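Comments concern the structure below.
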(Lines give C-alpha, C1' and ligand atoms only; values in the text may rest on other atoms or scores of the structure.)
Protein backbone atom coordinates (compact mmCIF):
# COMPACT_ATOMS: atom_id res chain seq x y z
CA UNK A 1 0.00 0.00 0.00
CA UNK A 2 1.33 3.43 -1.00
CA UNK A 3 0.74 6.60 0.96
CA UNK A 4 0.19 8.79 -2.09
CA UNK A 5 0.05 8.62 -5.86
CA UNK A 6 0.46 11.75 -7.96
CA UNK A 7 -1.43 10.93 -11.13
CA UNK A 8 -1.19 11.97 -14.73
CA UNK A 9 1.18 14.92 -14.58
CA UNK A 10 3.96 15.79 -17.00
CA UNK A 11 6.81 14.43 -14.90
CA UNK A 12 10.46 15.43 -15.30
CA UNK A 13 12.58 12.39 -14.44
CA UNK A 14 16.36 11.98 -14.80
CA UNK A 15 15.83 10.01 -18.01
CA UNK A 16 12.90 11.69 -19.74
CA UNK A 17 9.89 13.96 -19.53
CA UNK A 18 6.46 12.44 -20.00
CA UNK A 19 3.11 11.58 -18.50
CA UNK A 20 3.63 9.32 -15.49
CA UNK A 21 2.23 8.43 -12.09
CA UNK A 22 4.50 8.91 -9.07
CA UNK A 23 3.95 6.57 -6.11
CA UNK A 24 5.21 7.53 -2.65
CA UNK A 25 5.75 5.34 0.38
CA UNK A 26 6.90 6.99 3.59
CA UNK A 27 9.54 9.63 2.83
CA UNK A 28 10.66 8.30 -0.54
CA UNK A 29 9.49 7.75 -4.08
CA UNK A 30 8.55 4.10 -4.46
CA UNK A 31 7.85 4.00 -8.19
CA UNK A 32 7.42 6.07 -11.33
CA UNK A 33 4.98 4.23 -13.58
CA UNK A 34 2.90 4.54 -16.70
CA UNK A 35 -0.44 6.27 -16.04
CA UNK A 36 -2.98 3.94 -14.45
CA UNK A 37 -0.53 1.12 -13.79
CA UNK A 38 -1.33 1.39 -10.07
CA UNK A 39 -4.95 1.27 -8.92
CA UNK A 40 -6.56 3.72 -6.52
CA UNK A 41 -7.08 0.95 -3.98
CA UNK A 42 -3.29 0.61 -3.73
CA UNK A 43 -2.86 4.01 -2.10
CA UNK A 44 -4.18 6.05 0.79
CA UNK A 45 -4.44 9.23 -1.26
CA UNK A 46 -4.40 10.43 -4.85
CA UNK A 47 -3.47 13.89 -6.12
CA UNK A 48 -4.66 14.52 -9.66
CA UNK A 49 -1.87 16.30 -11.57
CA UNK A 50 -3.50 16.20 -14.98
CA UNK A 51 -2.36 19.20 -17.05
CA UNK A 52 0.20 20.01 -14.36
CA UNK A 53 4.01 19.74 -14.37
CA UNK A 54 5.65 17.53 -11.72
CA UNK A 55 9.27 18.34 -10.87
CA UNK A 56 11.75 17.73 -8.05
CA UNK A 57 11.52 20.23 -5.22
CA UNK A 58 13.62 23.30 -5.85
CA UNK A 59 17.07 23.57 -4.27
CA UNK A 60 18.51 26.99 -3.48
CA UNK A 61 22.23 26.53 -2.83
CA UNK A 62 22.85 30.09 -1.59
CA UNK A 63 20.73 31.68 1.14
CA UNK A 64 21.35 33.68 4.33
CA UNK A 65 18.79 33.14 7.09
CA UNK A 66 18.89 34.50 10.64
CA UNK A 67 21.86 36.51 9.43
CA UNK A 68 23.37 39.57 11.05
CA UNK A 69 23.81 42.69 8.90
CA UNK A 70 25.22 45.99 10.19
CA UNK A 71 22.79 48.83 9.43
CA UNK A 72 23.95 52.39 8.64
CA UNK A 73 23.19 53.43 12.23
CA UNK A 74 25.63 50.79 13.50
CA UNK A 75 22.98 48.47 14.92
CA UNK A 76 22.82 44.83 13.85
CA UNK A 77 19.79 43.68 11.92
CA UNK A 78 18.95 39.98 12.24
CA UNK A 79 17.20 38.88 9.08
CA UNK A 80 14.32 36.42 8.87
CA UNK A 81 15.11 32.84 9.82
CA UNK A 82 14.33 29.38 8.46
CA UNK A 83 10.81 29.50 9.86
CA UNK A 84 9.75 32.52 7.81
CA UNK A 85 12.00 31.98 4.79
CA UNK A 86 11.39 28.22 4.75
CA UNK A 87 7.64 28.71 4.72
CA UNK A 88 7.96 31.09 1.78
CA UNK A 89 10.27 28.64 0.01
CA UNK A 90 7.66 25.89 0.25
CA UNK A 91 4.96 28.14 -1.19
CA UNK A 92 7.40 28.80 -4.01
CA UNK A 93 8.18 25.12 -4.64
CA UNK A 94 11.63 24.99 -3.01
CA UNK A 95 12.26 22.23 -0.47
CA UNK A 96 16.01 22.46 0.28
CA UNK A 97 17.97 25.55 1.36
CA UNK A 98 21.74 25.80 1.75
CA UNK A 99 22.94 28.39 4.26
CA UNK A 100 26.21 29.10 6.07
CA UNK A 101 27.79 28.08 9.37
CA UNK A 102 30.19 30.71 10.71
CA UNK A 103 33.63 29.43 11.66
CA UNK A 104 34.72 32.10 14.17
CA UNK A 105 38.29 32.55 15.31
CA UNK A 106 37.44 31.38 18.85
CA UNK A 107 35.77 28.13 17.68
CA UNK A 108 36.63 24.94 15.90
CA UNK A 109 34.82 24.26 12.65
CA UNK A 110 32.54 21.70 14.28
CA UNK A 111 31.80 24.09 17.17
CA UNK A 112 30.74 26.69 14.62
CA UNK A 113 28.39 24.15 13.06
CA UNK A 114 26.91 23.24 16.44
CA UNK A 115 26.38 26.92 17.21
CA UNK A 116 24.56 27.46 13.90
CA UNK A 117 22.29 24.48 14.58
CA UNK A 118 20.60 26.54 17.30
CA UNK A 119 19.11 28.76 14.58
CA UNK A 120 17.72 25.82 12.60
CA UNK A 121 16.89 22.69 14.55
CA UNK A 122 13.14 22.61 15.16
CA UNK A 123 12.71 25.90 13.28
CA UNK A 124 13.08 24.96 9.63
CA UNK A 125 10.21 24.12 7.28
CA UNK A 126 12.70 22.96 4.64
CA UNK A 127 15.57 20.51 4.66
CA UNK A 128 18.84 22.39 4.87
CA UNK A 129 22.63 22.20 4.71
CA UNK A 130 25.53 24.50 5.58
CA UNK A 131 28.54 25.79 3.76
CA UNK A 132 31.23 26.42 6.38
CA UNK A 133 32.20 30.09 6.16
CA UNK A 134 35.88 30.70 6.85
CA UNK A 135 36.74 34.07 8.40
CA UNK A 136 39.92 36.14 8.13
CA UNK A 137 43.02 35.04 10.03
CA UNK A 138 42.05 31.39 10.50
CA UNK A 139 43.98 29.58 13.25
CA UNK A 140 47.10 27.66 12.28
CA UNK A 141 45.18 24.47 13.08
CA UNK A 142 42.43 25.19 10.56
CA UNK A 143 43.63 22.63 7.99
CA UNK A 144 43.09 19.73 10.37
CA UNK A 145 39.75 21.10 11.52
CA UNK A 146 38.61 21.53 7.93
CA UNK A 147 39.53 17.94 7.10
CA UNK A 148 37.58 16.76 10.14
CA UNK A 149 34.51 18.74 9.09
CA UNK A 150 34.59 17.40 5.52
CA UNK A 151 34.77 13.83 6.76
CA UNK A 152 31.87 14.54 9.16
CA UNK A 153 29.59 15.44 6.23
CA UNK A 154 30.19 19.21 5.87
CA UNK A 155 32.20 19.27 2.62
CA UNK A 156 31.75 22.83 1.32
CA UNK A 157 33.89 25.81 2.41
CA UNK A 158 32.90 29.45 1.73
CA UNK A 159 35.82 31.77 1.00
CA UNK A 160 35.77 35.54 0.41
CA UNK A 161 38.53 37.32 -1.50
CA UNK A 162 37.28 40.74 -0.34
CA UNK A 163 35.68 42.30 2.72
CA UNK A 164 33.06 43.72 0.29
CA UNK A 165 32.60 47.09 2.02
CA UNK A 166 35.14 49.64 3.25
CA UNK A 167 35.53 49.57 7.00
CA UNK A 168 34.36 45.96 7.22
CA UNK A 169 36.84 43.34 8.33
CA UNK A 170 36.78 39.64 9.06
CA UNK A 171 35.75 38.17 5.72
CA UNK A 172 38.63 38.37 3.26
CA UNK A 173 41.00 35.38 3.27
CA UNK A 174 44.54 35.95 2.04
CA UNK A 175 45.80 33.79 -0.78
CA UNK A 176 48.26 31.91 1.38
CA UNK A 177 45.42 30.60 3.52
CA UNK A 178 43.31 29.96 0.42
CA UNK A 179 46.21 27.91 -0.94
CA UNK A 180 46.30 25.89 2.30
CA UNK A 181 42.52 25.41 2.19
CA UNK A 182 42.62 24.19 -1.43
CA UNK A 183 45.16 21.54 -0.47
CA UNK A 184 42.78 20.19 2.18
CA UNK A 185 39.78 20.35 -0.15
CA UNK A 186 41.65 18.43 -2.85
CA UNK A 187 42.86 15.76 -0.44
CA UNK A 188 39.61 15.26 1.48
CA UNK A 189 37.02 15.57 -1.29
CA UNK A 190 35.72 19.02 -0.40
CA UNK A 191 34.39 21.81 -2.58
CA UNK A 192 35.33 25.49 -2.35
CA UNK A 193 32.40 27.91 -2.72
CA UNK A 194 33.88 31.26 -3.60
CA UNK A 195 32.85 34.91 -3.38
CA UNK A 196 35.51 36.29 -5.68
CA UNK A 197 36.12 40.01 -6.18
CA UNK A 198 39.45 41.78 -6.45
CA UNK A 199 39.78 43.54 -3.11
CA UNK A 200 42.28 46.15 -4.31
CA UNK A 201 40.11 47.18 -7.27
CA UNK A 202 36.92 47.31 -5.19
CA UNK A 203 38.47 49.38 -2.40
CA UNK A 204 40.22 51.66 -4.89
CA UNK A 205 36.89 52.39 -6.54
CA UNK A 206 35.22 53.08 -3.21
CA UNK A 207 37.96 55.62 -2.43
CA UNK A 208 37.67 57.17 -5.88
CA UNK A 209 33.87 57.46 -5.86
CA UNK A 210 33.78 58.88 -2.34
CA UNK A 211 36.52 61.38 -3.23
CA UNK A 212 34.52 62.49 -6.27
CA UNK A 213 31.28 62.77 -4.30
CA UNK A 214 29.55 59.99 -6.26
CA UNK A 215 28.37 58.11 -3.21
CA UNK A 216 24.79 57.18 -4.17
CA UNK A 217 24.06 53.47 -4.44
CA UNK A 218 23.37 53.92 -8.15
CA UNK A 219 27.17 53.88 -8.57
CA UNK A 220 27.60 50.40 -7.05
CA UNK A 221 28.39 48.85 -10.43
CA UNK A 222 31.48 51.06 -10.65
CA UNK A 223 32.80 49.79 -7.31
CA UNK A 224 31.96 46.12 -7.80
CA UNK A 225 32.88 46.05 -11.47
CA UNK A 226 33.47 43.51 -14.22
CA UNK A 227 37.24 43.99 -14.10
CA UNK A 228 37.24 43.00 -10.43
CA UNK A 229 35.38 39.80 -11.32
CA UNK A 230 37.79 39.03 -14.14
CA UNK A 231 40.93 39.48 -12.04
CA UNK A 232 39.67 37.67 -8.96
CA UNK A 233 38.12 34.73 -10.79
CA UNK A 234 41.26 34.14 -12.80
CA UNK A 235 43.53 34.38 -9.77
CA UNK A 236 41.41 31.92 -7.78
CA UNK A 237 41.08 29.53 -10.71
CA UNK A 238 44.79 29.70 -11.48
CA UNK A 239 45.51 28.77 -7.87
CA UNK A 240 43.09 25.84 -8.11
CA UNK A 241 44.77 24.72 -11.32
CA UNK A 242 48.03 24.46 -9.40
CA UNK A 243 46.51 22.35 -6.62
CA UNK A 244 45.34 19.32 -8.63
CA UNK A 245 42.02 17.97 -7.50
CA UNK A 246 40.65 21.28 -6.23
CA UNK A 247 36.98 21.62 -7.19
CA UNK A 248 35.28 25.01 -7.01
CA UNK A 249 31.82 26.54 -7.16
CA UNK A 250 31.93 30.21 -8.11
CA UNK A 251 29.05 31.92 -6.34
CA UNK A 252 26.83 34.70 -7.76
CA UNK A 253 28.59 35.17 -11.09
CA UNK A 254 27.48 38.63 -12.18
CA UNK A 255 29.64 39.58 -15.18
CA UNK A 256 30.53 38.20 -18.56
CA UNK A 257 34.17 38.25 -17.48
CA UNK A 258 33.33 35.75 -14.74
CA UNK A 259 31.56 33.45 -17.18
CA UNK A 260 34.56 33.58 -19.53
CA UNK A 261 37.01 32.85 -16.73
CA UNK A 262 34.98 29.76 -15.78
CA UNK A 263 34.80 28.66 -19.42
CA UNK A 264 38.57 29.00 -19.85
CA UNK A 265 39.26 27.03 -16.68
CA UNK A 266 36.83 24.28 -17.63
CA UNK A 267 38.52 24.01 -21.02
CA UNK A 268 41.73 23.18 -19.12
CA UNK A 269 39.95 20.47 -17.14
CA UNK A 270 39.57 22.40 -13.87
CA UNK A 271 36.45 21.11 -12.04
CA UNK A 272 34.67 24.44 -11.62
CA UNK A 273 30.95 25.23 -11.65
CA UNK A 274 29.21 28.58 -11.94
CA UNK A 275 26.22 29.96 -10.06
CA UNK A 276 24.33 33.09 -10.96
CA UNK A 277 21.33 34.80 -9.36
CA UNK A 278 17.97 35.47 -10.93
CA UNK A 279 18.33 39.22 -10.33
CA UNK A 280 21.59 39.30 -12.32
CA UNK A 281 19.85 37.53 -15.19
CA UNK A 282 16.91 39.93 -15.32
CA UNK A 283 18.03 43.27 -13.88
CA UNK A 284 20.93 45.57 -14.77
CA UNK A 285 22.68 48.53 -13.16
CA UNK A 286 20.10 50.79 -14.83
CA UNK A 287 17.54 49.41 -12.39
CA UNK A 288 19.37 51.10 -9.51
CA UNK A 289 17.89 54.34 -10.86
CA UNK A 290 14.32 53.16 -10.22
CA UNK A 291 12.33 54.07 -7.12
CA UNK A 292 13.75 52.09 -4.18
CA UNK A 293 16.41 50.76 -6.54
CA UNK A 294 18.23 49.16 -3.60
CA UNK A 295 15.73 46.29 -3.72
CA UNK A 296 17.42 44.91 -6.84
CA UNK A 297 20.88 44.87 -5.31
CA UNK A 298 23.07 42.22 -3.84
CA UNK A 299 26.88 41.98 -3.70
CA UNK A 300 28.57 41.98 -6.19
CA UNK A 301 26.56 44.58 -8.11
CA UNK A 302 24.19 44.39 -11.02
CA UNK A 303 26.04 44.86 -14.29
CA UNK A 304 25.27 45.72 -17.94
CA UNK A 305 22.91 44.24 -20.53
CA UNK A 306 25.96 42.70 -22.20
CA UNK A 307 26.91 40.96 -18.96
CA UNK A 308 23.34 39.80 -18.56
CA UNK A 309 23.35 38.27 -22.05
CA UNK A 310 26.59 36.44 -21.29
CA UNK A 311 25.04 34.94 -18.14
CA UNK A 312 22.17 33.55 -20.21
CA UNK A 313 24.66 32.16 -22.73
CA UNK A 314 26.49 30.52 -19.82
CA UNK A 315 23.41 28.53 -18.86
CA UNK A 316 23.44 27.02 -22.35
CA UNK A 317 27.17 26.30 -22.56
CA UNK A 318 27.28 24.73 -19.09
CA UNK A 319 29.51 27.39 -17.58
CA UNK A 320 26.58 28.46 -15.38
CA UNK A 321 25.04 25.46 -13.64
CA UNK A 322 22.68 26.91 -11.02
CA UNK A 323 20.31 29.82 -10.47
CA UNK A 324 20.28 30.81 -6.79
CA UNK A 325 18.98 33.82 -4.83
CA UNK A 326 21.53 34.98 -2.22
CA UNK A 327 18.39 35.24 -0.07
CA UNK A 328 18.46 37.80 2.72
CA UNK A 329 14.95 38.47 3.98
CA UNK A 330 14.29 41.79 5.67
CA UNK A 331 11.65 44.51 5.48
CA UNK A 332 11.49 47.14 2.76
CA UNK A 333 12.44 49.77 5.34
CA UNK A 334 15.55 47.82 6.28
CA UNK A 335 16.46 47.04 2.67
CA UNK A 336 16.27 50.71 1.64
CA UNK A 337 17.73 52.24 4.81
CA UNK A 338 21.20 52.36 3.29
CA UNK A 339 21.42 54.59 0.22
CA UNK A 340 25.18 54.92 -0.31
CA UNK A 341 27.70 52.76 -2.10
CA UNK A 342 29.21 51.90 1.28
CA UNK A 343 26.08 51.03 3.30
CA UNK A 344 23.49 49.48 0.96
CA UNK A 345 22.02 46.25 2.32
CA UNK A 346 22.94 43.17 0.28
CA UNK A 347 20.91 40.07 -0.38
CA UNK A 348 17.41 39.77 -1.76
CA UNK A 349 13.97 38.54 -0.86
CA UNK A 350 13.66 36.08 -3.71
CA UNK A 351 13.36 32.47 -2.61
CA UNK A 352 9.58 32.24 -3.07
CA UNK A 353 9.21 33.60 -6.63
CA UNK A 354 12.40 31.95 -7.98
CA UNK A 355 10.76 28.90 -9.57
CA UNK A 356 7.84 30.84 -11.01
CA UNK A 357 9.96 33.69 -12.37
CA UNK A 358 12.52 31.37 -13.91
CA UNK A 359 9.83 29.20 -15.51
CA UNK A 360 8.46 32.31 -17.19
CA UNK A 361 11.88 33.44 -18.35
CA UNK A 362 13.39 30.07 -19.27
CA UNK A 363 10.57 27.89 -20.56
CA UNK A 364 7.99 30.41 -21.71
CA UNK A 365 10.14 33.23 -23.07
CA UNK A 366 13.36 31.51 -24.13
CA UNK A 367 12.18 28.03 -25.04
CA UNK A 368 14.29 26.06 -22.55
CA UNK A 369 13.22 22.46 -22.13
CA UNK A 370 11.62 21.43 -18.84
CA UNK A 371 14.68 19.25 -18.23
CA UNK A 372 17.02 22.22 -18.60
CA UNK A 373 14.82 24.35 -16.34
CA UNK A 374 14.79 21.67 -13.64
CA UNK A 375 18.55 21.28 -13.90
CA UNK A 376 19.04 24.99 -13.25
CA UNK A 377 16.69 25.30 -10.28
CA UNK A 378 17.18 21.91 -8.62
CA UNK A 379 19.09 18.98 -10.08
CA UNK A 380 22.45 20.59 -10.79
CA UNK A 381 22.64 22.00 -7.26
CA UNK A 382 21.87 18.55 -5.86
CA UNK A 383 24.62 16.99 -7.95
CA UNK A 384 27.26 19.63 -7.25
CA UNK A 385 26.54 19.88 -3.52
CA UNK A 386 26.51 16.15 -2.80
CA UNK A 387 22.85 15.29 -2.22
CA UNK A 388 21.99 13.64 -5.56
CA UNK A 389 20.04 11.43 -6.20
CA UNK A 390 18.52 11.72 -2.74
CA UNK A 391 17.46 15.23 -3.76
CA UNK A 392 16.89 16.79 -7.15
CA UNK A 393 15.40 13.72 -8.84
CA UNK A 394 12.03 12.09 -9.34
CA UNK A 395 13.15 8.48 -9.26
CA UNK A 396 12.55 5.37 -7.19
CA UNK A 397 14.53 5.63 -3.98
CA UNK A 398 14.85 9.42 -4.03
CA UNK A 399 13.34 11.58 -1.31
CA UNK A 400 9.77 12.48 -2.21
CA UNK A 401 10.55 16.19 -2.53
CA UNK A 402 8.12 17.14 -5.27
CA UNK A 403 6.64 20.34 -6.63
CA UNK A 404 3.55 20.42 -8.82
CA UNK A 405 3.48 23.46 -11.10
CA UNK A 406 0.26 24.79 -12.58
CA UNK A 407 1.11 26.10 -16.08
CA UNK A 408 -2.41 27.54 -16.42
CA UNK A 409 -1.70 30.01 -13.61
CA UNK A 410 -1.50 33.52 -15.04
CA UNK A 411 -1.03 36.88 -13.43
CA UNK A 412 1.66 39.06 -11.89
CA UNK A 413 3.97 38.62 -8.92
CA UNK A 414 2.79 40.83 -6.06
CA UNK A 415 4.20 41.15 -2.56
CA UNK A 416 0.72 40.77 -1.07
CA UNK A 417 0.50 37.23 -2.47
CA UNK A 418 3.89 36.16 -1.10
CA UNK A 419 4.97 34.96 2.33
CA UNK A 420 8.49 36.39 2.77
CA UNK A 421 8.26 40.07 3.68
CA UNK A 422 6.50 43.31 2.76
CA UNK A 423 8.19 43.82 -0.61
CA UNK A 424 9.45 41.84 -3.57
CA UNK A 425 11.97 42.88 -6.24
CA UNK A 426 9.79 40.86 -8.61
CA UNK A 427 6.69 43.04 -8.22
CA UNK A 428 4.73 42.98 -11.49
CA UNK A 429 6.71 40.17 -13.11
CA UNK A 430 4.61 37.96 -15.39
CA UNK A 431 3.51 34.54 -14.16
CA UNK A 432 3.19 31.67 -16.64
CA UNK A 433 3.31 28.86 -14.07
CA UNK A 434 3.27 28.71 -10.29
CA UNK A 435 3.67 25.98 -7.66
CA UNK A 436 0.34 24.56 -6.52
CA UNK A 437 1.57 21.69 -4.32
CA UNK A 438 4.88 21.08 -2.55
CA UNK A 439 5.94 17.85 -0.83
CA UNK A 440 8.91 17.42 1.50
CA UNK A 441 10.00 13.81 1.99
CA UNK A 442 6.51 12.57 1.20
CA UNK A 443 4.61 15.04 3.37
CA UNK A 444 2.32 17.49 1.63
CA UNK A 445 3.61 20.80 2.98
CA UNK A 446 1.63 23.23 0.80
CA UNK A 447 -1.47 22.45 -1.24
CA UNK A 448 -3.59 24.97 -3.14
CA UNK A 449 -2.55 27.90 -1.02
CA UNK A 450 -2.73 26.16 2.36
CA UNK A 451 0.31 25.60 4.55
CA UNK A 452 0.20 22.09 6.02
CA UNK A 453 3.79 21.65 7.23
CA UNK A 454 5.44 22.52 10.52
CA UNK A 455 8.73 24.32 11.28
CA UNK A 456 10.01 21.08 12.81
CA UNK A 457 9.65 19.17 9.53
CA UNK A 458 13.03 20.16 8.09
CA UNK A 459 16.11 17.99 8.55
CA UNK A 460 19.82 18.66 8.18
CA UNK A 461 21.49 17.05 5.16
CA UNK A 462 24.98 15.66 5.67
CA UNK A 463 26.69 15.45 2.32
CA UNK A 464 29.52 13.92 0.32
CA UNK A 465 30.69 15.42 -2.96
CA UNK A 466 30.67 12.77 -5.68
CA UNK A 467 33.83 11.67 -7.48
CA UNK A 468 32.27 12.75 -10.77
CA UNK A 469 31.78 16.32 -9.55
CA UNK A 470 35.28 16.45 -8.10
CA UNK A 471 36.66 15.29 -11.42
CA UNK A 472 34.65 17.88 -13.35
CA UNK A 473 33.00 15.42 -15.71
CA UNK A 474 29.44 15.31 -14.38
CA UNK A 475 28.11 18.62 -15.73
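The values are calculated or read from the model by the stated rules, or taken from the named source; none is laboratory data. All values reported here derive from a predicted model rather than from experimental measurement. Note that each Cβ is placed from the backbone with ideal geometry, even for glycine, and that neighbours are counted across all protein chains shown.
Values as computed for the structure displayed
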{"quantity": "Residue tally, condition in contact with a strand residue (DSSP E or B) (Cβ under 7 Å, 6 or more places away or on another chain) and within 18 Å of residue 405 (Cα to Cα), over region 33-53", "calculated": "7"}
{"quantity": "Selection status of residue 298, part of a loop (DSSP other than H, G, I, E, B), free of Cβ contacts under 8 Å to residues at least 60 places away in the same chain and touching a strand residue (DSSP E or B) at 6+ places or on another chain (Cβ under 7 Å)", "calculated": "yes"}
{"quantity": "Pairs with Cβ under 7 Å, 6+ apart, first in region 371-385 and at positive phi, second part of a helix (DSSP H, G or I)", "calculated": "none"}
{"quantity": "Cβ pairs under 9 Å, 6+ apart, first in region 234-251 and on the phi > 0 side of the Ramachandran plot, second outside any helix (DSSP H, G or I) and modelled with pLDDT of 95 or more", "calculated": "245/189; 245/271"}
{"quantity": "Options 57, 9: the member that is under 28 Å from residue 193 (Cα atoms), in contact (Cβ under 8 Å) with a residue 24 or more places away in the chain, touching a strand residue (DSSP E or B) at 6+ places or on another chain (Cβ under 7 Å) and buried (at least 17 other Cβ atoms within 10 Å of the Cβ)", "calculated": "57"}
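Residues are listed down the side, and each one gets a yes or a no for (1) more than 24 Å from residue 389 (Cβ to Cβ); (2) in contact with a strand residue (DSSP E or B) (Cβ under 9 Å, 6 or more places away or on another chain):
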site: 411; (1), (2): yes, yes
site: 420; (1), (2): yes, yes
site: 429; (1), (2): yes, yes
site: 432; (1), (2): yes, no
site: 438; (1), (2): no, yes
site: 448; (1), (2): yes, yes
site: 452; (1), (2): yes, yes
site: 459; (1), (2): no, yes
site: 464; (1), (2): no, no
